[in-house]
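The values are calculated or read from the model by the stated rules, or taken from the named source; none is laboratory data. A quick note: this is a predicted structure, and the numbers were derived from the prediction, not measured. Reconstructed Cβ throughout: ideal geometry from the backbone, glycine too, with neighbour counts over all protein chains shown. Side chains included, ligands, DNA and RNA excluded: accessible areas come from the protein's heavy atoms. Shrake-Rupley method; radii C 1.70, N 1.55, O 1.52, S 1.80 Å.
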Amino acid sequence: MNIEKINTSIQSQKNQLLQHSLYEKVKTIDDLHTFLENHVFAVWDFMSLLKALQNKLTCTTTPWLPIGNPEIRYLINEIVVAEETDIAFNGTRQSHFEMYIDAMEQCGAKTTPIHDFLINVKATQNIFVSIKQSDLHPNVKAFLDFTFRVIEEGKAHKIAAAFTFGREDLIPNMFTEILKNFQNNFPETDLSKLIYYFERHIELDTDEHGPMAMQMVIELCGNSEQKWKEVEEVSVQALEKRIGLWNAIEEQMEMRLEMV
């Protein structure tokens, strides 16, 4: 088992995502808002996958001790720096989640649901309770639940699989398609921060984070057939959940049209 084998195993799911009918249905500003207001939860929980990897692969407690493989420490820390403190649209430092929130506000999308959800997370101190209590679409709940189940299990190679094949490896292609539609369909709306966010992701994921994440998986699995098998299983599941998220967004767009 290796990266090439896993890429072959998940090709069907990747094709479903890259050819999903959702992209063509983002035709109005309301459609865009529906997309952003759901997708922001994926932007947020991605950070938890990232920090879970950092906690597993580096020393984040005191007294400090040199943990694990220095090469893996470097890979994850490099990704953390960019994702948590990147250069924002106005030249300041922000996490990609905060950049996304700013972009949502600029184009008029609602940020109250994600903020209320995070307030509830702090209050319950239990992510699974917060997910269950939320008013999110069942597919969005399933998406979040899967992420945090993988994190809770605590196996670094599985977390890396969800991070790499379920997210980083797909972002450039998916967001390129979305960007084309945004630029064509919303010329009158100020989407400068959103376009900057997407272009920044494409730049980082294609040139840096994608290859780094792949290398991290290789280092974590080594010659263990069991780990490679588990990486394959998690990768397929992560992509299925992403397809479910896209289906949920599309369903909400169609429901809104029926109500008009």
* Asked: So what is the 222 nm mean residue ellipticity for the chain from helices alone, if each DSSP H run of at least 4 adds -39500 (n - 2.57) and you divide by all residues, rounding to the nearest 500 deg cm²/dmol?
  -> -24000 deg cm²/dmol
* Taking a probe of 1.4 Å, how large is the accessible area per residue of the stretch 4-82, in Å²? -> 47 Å²
* **Point-to-point label distance, residue 125-residue 112, nm (Cα→Cβ direction, 7 Å offset)** => 2.9 nm
* To do: Please work out how much length the chain gains when fully extended from residue 55 to residue 226, using 0.36 nm per residue of separation minus the C-alpha to C-alpha distance, in nm with one decimal.
  => 59.3 nm
* **Cross-link pairs 158/241; 25/51; 27/122 - those with Cα-Cα distance over 25 Å** => 25/51; 27/122
* **Contour minus Cα-Cα distance for residue 21 and residue 133 (0.36 nm per residue)** => 37.3 nm
* Grab the beta carbon distance between residue 71 and residue 11, set R0 = 22 Å, and tell me the FRET efficiency rounded to 0.05. => 0.20
* Which far-off residues, 5 or more places away or on another chain, put their amide H under 5 Å from the one on residue 59, with H placed in the peptide plane? -> 67
* Asked: Largest first, what is the accessible-area ranking of 207, 30, 135 with a 1.4 Å probe?
  -> 135, 207, 30
* To do: Tally up the carbon and sulfur contribution to the accessible surface of the stretch 84-171 as a whole percent, 1.4 Å probe, everything protein left in place.
  => 51 percent
* To do: Mind ranking 210-216, 115-121 by how tightly packed they are, going by the mean number of other C-beta atoms within 10 angstrom, highest first?
  => 210-216, 115-121
* Just the Cα atoms of the chain, one point each, no solvent: what log10 I(q)/I(0) does Debye give at q = 0.07, 0.12, 0.14 Å⁻¹? -> -0.24, -0.72, -1.00
